[in-house]
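Taking it in order: structure first as structure tokens, then the write-up.
The values are calculated or read from the model by the stated rules, or taken from the named source; none is laboratory data. The shown structure was predicted, so the numbers you read here are calculated from the model rather than taken from an experiment. Backbone-built Cβ (ideal geometry, glycine too); neighbour counts: all protein chains shown. Just so you know, the surface numbers come from the protein's heavy atoms only, side chains and all, with ligands and any DNA or RNA stripped out. Shrake-Rupley method; radii C 1.70, N 1.55, O 1.52, S 1.80 Å.
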Amino acid sequence: MWTPEHRRAAERSGLRYPSDLSDAEWALVAPLIPPSKHGGRPRSVNVREVLNAIFYVLWTGCQWKALPKDFPPKSTVYDYLDLWEWDGTLERLFPFIERIFADGGYQGEKTANAVAKTGAWTLEIVKRSDLHRFVVLPKRWIVERTFAWISRNRRLARDFERHARKAAAFVRLAMIRLMLRRLSASPSS
């Protein structure tokens with residue numbers, strides 16, 4: 001149910017695009033982004049704008065070549081996403097995953113081995129009810145609710161990515177986006 005408190009938290013006016021980072025969100029993310037490397041040319045790109053462009057692609061589902069001209073060049077944005085996915089920056093932005101709830105379709109040795117390789121995560125398979133009536137299963141509800149949150153981003157509505165690691169990076173970005181909005185929301189008085 002939408003309350004005035006929820007509406008204030010969801011309000012995105014004053015930003016250029018609804019996908020842009022607010023100042024409070026940027027304050028949470030900025031310390032976690034690695035500085036430019038020593039030696040060579042100093043960084044000339046605005047990293048906040050790069051992140052805004054990545055979130056724009058995630059939210060709108062647009063092609064890289066369709067990025068608005070007020071963002072850094074598409075090649076720069078894509079290269080930063082590729083670098084951050086490769087060097088672990090995306091993991092540092094959202095390192096709070098401890099347990100993965102998965103649908104019954106993911107049970108089996110292959111999935112268990114893939115999750116075990118991560119080291120820190122535990123996998124819990126949530127099976128549906130065998131009853132022939134609607135029953136809210138708490139952990140199953142978590143899985144379905146998370147799918148709903150992720151599907152708010154048009155880039156994740158279909159599988160547009162060529163590589164699975166890029167699709168996984170966009171899922172991680174969707175969850176980063178969700179958590180940033182929640183963490184930066186002003187506490188109710």
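The set of residues in segment 140-189 that are aromatic (Phe, Trp, Tyr), open to solvent by 70 Å² or more (accessible area, probe 1.4 Å) and assigned to a helix (DSSP H, G or I) comprises Trp141, Phe147. Just one of the numbered conditions (1) open to solvent by 60 Å² or more (accessible area, probe 1.4 Å); (2) touching a strand residue (DSSP E or B) at 6+ places or on another chain (Cβ under 8 Å); (3) under 26 Å from Glu161 (Cα atoms) is not true of Val115: (1). Within segment 4-20, is there a residue that is among the basic types (Lys, Arg) and in contact (Cβ under 8 Å) with a residue 40 or more places away in the chain? For segment 4-20, residues among the basic types (Lys, Arg) and in contact (Cβ under 8 Å) with a residue 40 or more places away in the chain: present.
Looking only at segment 80-90, how many residues end up being surrounded by fewer than 13 Cβ atoms within 10 Å (Cβ to Cβ) and under 25 Å from Gly61 (Cβ atoms)? Summing the residues that are surrounded by fewer than 13 Cβ atoms within 10 Å (Cβ to Cβ) and under 25 Å from Gly61 (Cβ atoms) in segment 80-90 gives 2. Within segment 93-111, the set of residues being surrounded by 14 or more Cβ atoms within 10 Å (Cβ to Cβ) and outside any loop (DSSP other than H, G, I, E, B) comprises Leu93, Ile100, Phe101, Ala102, Asp103, Tyr106, Thr111.
Annotation: of all residues in segment 14-51 being of a type in the set (S, T, N, Q) and open to solvent by less than 90 Å² (accessible area, probe 1.4 Å), the one that is farthest from Asn153 (Cα to Cα) is Ser36.
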